[in-house]
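Let me begin by presenting the structure, written as structure tokens, before commenting on it.
All of the numbers you see were taken from the coordinates with simple rules; none came from a lab. It should be emphasised that the depicted structure is a prediction, and the values quoted were computed from it without experimental measurement. Reconstructed Cβ throughout: ideal geometry from the backbone, glycine too, with neighbour counts over all protein chains shown.
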Amino acid sequence: MNKKTPFGINTTCIHAGELKDAQFKGAVSPLYMSTSYAFDNVAVKRYPRYFNTPNQEALCAKIAALEKTEDALIFGSGMAAISTSLLAFLQKGDHIILQETLYGGTYNFIVEEFDKFGIAYTFTDSMAIADFEKEIQHNTKVIFIETPSNPLMKIIDMQAIQELAKAHGILTMIDNTFASSINQTPVDFGIDIIIHSATKYMGGHSDILAGAVAGSKEHIKKIWNVAKNFGGSLSDFTVWMLERSLKTFYLRVKQQSHNALVMAEYLENSSFIEKVYYPGLVSHEDHEIAKKQMRYFGGMFSFELKDTIDTMEFQRNLKLIKSSMSLAGVESTLLSPSQTSHQLLSTEERASQGIKDGLIRFSVGIEDTEDLIRDIEQAIEKIK
């Protein structure tokens with residue numbers, strides 16, 4: 001698929017990259033579970049670790065169509081996608097700039113592994129473009145961003161970052177997991193490489209572990225050259241499940257985004273809430289940037305309870321909203337970042353990013369918002 005797909009978003013979700021069942025004319029893509037294919041007198045020598053089984057290729061085509069890029073690759077996890085992409089473009093002596101607030105797994109990978117490879121790194125002091133610019137060095141090869149950020153939902157101006165990077169010959173990468181392909185398309189703003197934890201909104205049902213990378217054919221080929229050595233591929237059954245999930249991608253994420261705005265507005269006006277972090281709120285410091293580059297504002301936000309309310313006791317008293325380590329399923333879940341996604345950071349590191357121990361991250365599902373509100377209110381009443 002090239003950047004101009006002839007279909008609308010729902011049609012793309014359903015039909016882009018689908019495999020045809022030529023034998024039985026089934027309505028869904030057939031599943032090819034083989035891990036061994038012929039090598040003699042064939043056009044393509046297929047092998048799962050080479051990311052080129054029929055189901056793998058079909059799924060990659062669908063993801064590329066959704067991100068409006070030339071090509072894509074799928075991985076066994078979001079971290080496999082992130083680590084492989086970074087190491088495809090960075091080597092000993094290179095330097096990378098990353099924004100201050102990132103998914104904890106990405107942050108931990110950088111600080112624990114990059115010194116071993118001799119790769120220098122700098123985290124910015126804020127999301128301001130000036131803070132990225134002042135950190136550019138002669139050997140800076142990559143700028144890595146995440147917008148909205150995990151877990152404080154900070155927004156960075158993708159167009160401005162791309163222009164800065166291009167002026168210095170630097171590659172740009174984005175973790176697009178929180179927004180998803182439905183809410184924003186980074187390639188429209190010139191971002192080179194788009195990465196997803198496909199476990200989240202792409203999978204959408206809390207039953208798939210996967211990652212995805214989208215970009216130009218040239219960039220994806222470079223990532224593939226490293227990926228085939230690292231072995232971060234995934235089974236074709238998971239590939240088939242993910243292709244199935246993407247058919248309802250738009251419907252799910254649009255509803256989750258609608259519900260998240262309703263819930264964020266409700267909580268912002270609640271007496272037991274200290275602060276809500278959601279780019280769809282006018283009160284959010286980056287609301288205007290978010291309006292410029294997001295179609296909807298996503299199904300994720302974070303909030304802080306008043307100091308008088310025990311954060312963990314509140315979560316234990318919820319009946320409908322689940323306590324869960326991950327996010328983005330059709331069911332509403334929440335967690336404490338200090339104990340999950342950012343637990344590998346020290347207390348000081350979390351504090352420097354503005355992540356308080358009492359912060360709660362809320363992944364809003366597709367339930368009726370009235371039921372979610374009642375669940376929160378009964379949990380608060382029990383604590384009182």
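Would you tally the net charge around residue 335, using a Cβ to Cβ cut-off of less than 10 Å, leaving residue 335 out, and scoring K and R as +1, D and E as -1?
Working: positive: 322, 361; negative: none.
After counting each charged neighbour, the total is +2.
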Rel. contact order, % - alpha carbon contacts under 8 angstrom, at least six apart, the range 9-246: 26
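Tally Lys/Arg at +1 and Asp/Glu at -1 over every other residue whose Cβ is under 12 Å from the Cβ of residue 315; what's the total? Walk me through the intermediate numbers first.
Numbers: positive: 316, 319, 322, 361, 382; negative: 310, 313, 375.
Summing Lys and Arg as +1 and Asp and Glu as -1 gives +2.
Please say if the range 27-127 is rounded, prolate or oblate, where rounded means a/c under 1.5 for a ≥ b ≥ c the square roots of the C-alpha gyration tensor eigenvalues, and otherwise the choice is prolate for a/b larger than b/c and oblate otherwise? Walk me through the numbers before you get to the answer.
Numbers: a/c = 2.90, a/b = 2.03, b/c = 1.43.
Prolate is the answer for the range 27-127, as a/c is 1.5 or above and a/b outweighs b/c.
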The range 249-383: relative contact order in percent, alpha carbon pairs under 8 Å with at least 6 residues between: 28
Karplus 3J(HN,Hα) series, Hz, for the range 97-107 with 6.51 cos²θ - 1.76 cosθ + 1.60 (x for Gly, Pro): 10, 10, 5, 5, 10, 9, 3, x, x, 5, 4
Shape category assigned to the chain from the gyration tensor of Cα positions, a/c cut at 1.5: oblate
Pair residue 34, residue 222: separation of 7 Å Cα→Cβ label points (nm): 3.5
Cut-off under 5 Å, modelled amide H: who pairs with residue 71 long-range: 215, 217
Under the Karplus curve 6.51 cos²θ - 1.76 cosθ + 1.60, θ = phi - 60°, whole-Hz ³J(HN,Hα) for the range 151-162, x wherever Gly or Pro sits: x, 8, 6, 6, 10, 10, 6, 5, 4, 5, 5, 4
Of 69, 53, 177, the one that fluctuates the most in a GNM where the chain has Cα springs shorter than 10 Å: 53
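Cut-off is 10 Å between beta-carbons; in what order do 147, 185 appear when sorted fewest neighbours first? Each step should come with its number before you reach the end.
Values: 147 28, 185 23.
In increasing order of surrounding Cβ atoms, one gets 185, 147.
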Electrostatic dipole magnitude of the chain [Cβ: Lys, Arg +1; Asp, Glu -1; Cα centre; debye, to 20]: 1360
Nearest-ten-degree value, helix 236-246 long axis tilted from longest Cα axis of the chain: 60
Gyration tensor verdict on the range 249-383 (Cα atoms; rounded if a/c is under 1.5, prolate if a/b is larger than b/c, oblate otherwise): rounded
C-alpha long axis of helix 78-89 to longest principal axis of the chain, angle in °: 60
Highest-first arrangement of 169-175, 97-103, where packing means the average Cβ count within 10 Å: 97-103, 169-175
Radius 10 Å from Cβ of residue 125, net charge of other residues (Lys, Arg +1; Asp, Glu -1): -2
Percent of beta bridges antiparallel (DSSP, the range 9-246, rounded to nearest 5): 35
Cα-based helix-to-principal-axis angle, 217-230 vs the chain, degrees rounded to 10: 90
Of the trypsin sites (Lys or Arg not before Pro) in the range 3-79, those whose Cβ has at most 16 other Cβ within 10 Å and which sit in DSSP loop: 3, 4, 20, 25, 45
